[in-house]
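This report concerns only the one structure given below.
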Amino acid sequence: MSEKRVLLIVGGGIAAYKALELTRLLRKAGVAVRPILTKAGAEFVTPLSLSALAEDKVYSELFSLTDEAEMGHIELSRSADLIVVAPATADLMAKAATGRADDLASTTLLATDTPILMAPAMNVRMWEHPATKRNLAQLKADGVAFVGPDEGAMACGEYGEGRLAEPLVIFEAVMGMLSGGRPLAGKRALVTAGPTVEAIDPVRLLTNRSSGKQGYAIARSLAQLGAEVTLVSGPTGLPAPAGVKRVDVESARDMLAACQSALPADVAVFVAAVADWRPDEAFGIKLKKGKDGPPALHLVENPDILATLAASGPQRPTLVVGFAAETNDVEDHARAKLARKGCDWIIANDVSQPGVMGGEENAVLLISKTDTERWERASKDAVARQIADRIAKALS
Ligand code: C5P
């Protein structure tokens, strides 16, 4: 790690003191740390402490004649392998999400194409505010990686989510990003996500409650590792992750056709909740209520997209990954599905666990032909990163 360089932006929050410990851990690991201290950050930690631990000059001013002479803000933003924002305050997140550039930290974030890792820290109500949620979603869509925040007691006396992740956890995330590079560069990935929609008539449809969150997170993580990603998505309302080519579809048959057009691919991950059945005919005009009572719907089976692509001969992606949502005997059912569908891995969700379906967290088992791994319950983003890492290892 001796040649790796981190630009550390320290925002203004009570958790700023933890940035000192993070700096110490990074320096101990041989990572060069160049600090930017915001004006608000300097209210909490001194430039002297940060500079002493970083063994480098602390940058604070956008319009500093001496700083600009030594290293302009544009050069500063390009001088690192990774930009880490810790603590990332609600204000810093808002500025970065909207592209504002009115101080050195925000200008640096706008002027760079270096990967960014943010460790948010703020009061729980600020974290849960719809504005922060919007900014978070935008930043993720722009490719920014996140670590934390944690849940716990806050300096302001409240309790909830919004505590800065522990320095060691941020350190691990930084080291992971620094060593990972872009192992999927040059690889093509196909991901399906969201529900499908099956028309009954021009205004009525059959669909399901899939949010698309897990599939979108996987597409984003694969893109962050350098893959060229096509995301075939049913209607979700989620923004397309940065750098991902999204193809919007409605029915299962459209989804199958879009997936086939996206081939060849090195890896295909089928996360979509595809409707098992569709009405055998979609009426061209709206069905009328009448004295004959409700119409009888006759359903026919939809194509199995995963099974079809897993059996697509020379076009078959090297690694085919399916998902399974199970409520009981998760491993047995998932293993049977692995064989039935002809895929290489099944990622099984235990949807009996509260908060998994439609929520922010997932509890999964990775089932391959030879192995079963039970992963810790984690956020869908963390699960996505772990899946993308495993895919990168499998394809390398
Ligand atoms: O059979 P089941 O729906 O439980 O299988 C789930 C897995 O199969 C998921 O990966 C899902 O995306 C995929 N699937 C599919 N086409 C279908 C049904 C499921 O690709 N028609």
Filtering the range 245-265 down to residues that are open to solvent by less than 40 Å² (accessible area, probe 1.4 Å) and assigned to a loop (DSSP other than H, G, I, E, B) yields 249, 251, 263, 265
Under 6 Å between Cβ atoms, which residue pairs at least 6 apart in sequence (or on different chains) link something in the range 366-379 that is modelled with pLDDT under 95 with a partner that is open to solvent by 80 Å² or more (accessible area, probe 1.4 Å)? 379/360
Sort out which residues of the range 300-334 are more than 13 Å from the ligand (Cβ to nearest atom) and open to solvent by 70 Å² or more (accessible area, probe 1.4 Å), and write them in order of number. 314, 315, 318, 328, 329, 332
How do the pairs read when you match residues in the range 269-292 that are open to solvent by less than 50 Å² (accessible area, probe 1.4 Å) with residues anywhere that are assigned to a strand (DSSP E or B) and more than 16 Å from the ligand (Cβ to nearest atom), using Cβ under 9 Å and keeping only pairs 6 or more apart or on different chains? 278/199; 279/199
Filter the range 141-196 down to the residues that are of a type in the set (Ser, Thr, Tyr) and farther than 30 Å from residue 316 by Cβ, then identify the one that is modelled with the highest pLDDT. 159
Qualifying residues in the range 11-34 (those that are touching a Ser or Thr at 6+ places or on another chain (Cβ under 7 Å) and open to solvent by less than 10 Å² (accessible area, probe 1.4 Å)) - the one farthest from residue 178 (Cα to Cα): 11
Please specify each residue of the range 1-60 satisfying the condition of being among the aromatic types (Phe, Trp, Tyr) and closer than 18 Å to residue 106 by Cα. 59
Being out of contact with any strand residue (DSSP E or B) (no Cβ under 6 Å at 6 or more places or on another chain) and within 16 Å of the ligand (Cβ to nearest atom), is that true of even one residue in the range 369-386? yes
Got a number for residues in the range 351-395 being open to solvent by 30 Å² or more (accessible area, probe 1.4 Å) and in a strand (DSSP E or B)? 5
Any residue in the range 328-357 that is assigned by TED's automatic domain parsing to the domain that holds residue 210 sitting within a Cβ distance under 6 Å of a residue that is among the acidic types (Asp, Glu) and more than 10 Å from the ligand (Cβ to nearest atom)? List the pairs, counting only those 6 or more apart or interchain. 330/350; 355/361
With respect to residue 257, is the statement that it is near the ligand (Cβ under 10 Å from one of its atoms), under 21 Å from residue 197 (Cβ atoms) and assigned by TED's automatic domain parsing to the domain that holds residue 342 true? no
In this structure, is residue 242 assigned to a loop (DSSP other than H, G, I, E, B), assigned by TED's automatic domain parsing to the domain that holds residue 197, more than 9 Å from the ligand (Cβ to nearest atom) and surrounded by 14 or more Cβ atoms within 10 Å (Cβ to Cβ)? yes
Among the helices (runs of 4 or more DSSP H) contained in the range 49-165, which hold 3 or more residues that are open to solvent by 50 Å² or more (accessible area, probe 1.4 Å)? 65-70, 73-78, 124-128, 130-141
Based on what the data block shows, is residue 308 at pLDDT 95 or above and in a strand (DSSP E or B)? no
Can you find, within the range 215-234, the residue that is most open to solvent (accessible area, probe 1.4 Å) among those that are polar (S, T, N, Q) and part of a strand (DSSP E or B)? 230
Which condition number does residue 203 fail, the rest of (1) aliphatic (A, V, I, L, M); (2) under 18 Å from the mean Cα position of the chain (by Cα); (3) outside any strand (DSSP E or B); (4) away from the ligand (no atom under 14 Å from the Cβ) being met? (2)
If you take the residues in the range 335-358 that are of a type in the set (A, V, I, L, M) and more than 19 Å from residue 305 (Cβ to Cβ), which one is nearest to the ligand (Cβ to nearest atom)? 351
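The values are calculated or read from the model by the stated rules, or taken from the named source; none is laboratory data. What you see is a predicted model, and the numbers here were worked out from it, not measured in a lab. Counting neighbours? That spans all protein chains shown, and the Cβs are built from the backbone with ideal geometry, glycine included. Quick note on the areas: whole protein, heavy atoms, side chains included, nothing else; ligands and nucleic acids left out. Shrake-Rupley method; radii C 1.70, N 1.55, O 1.52, S 1.80 Å.
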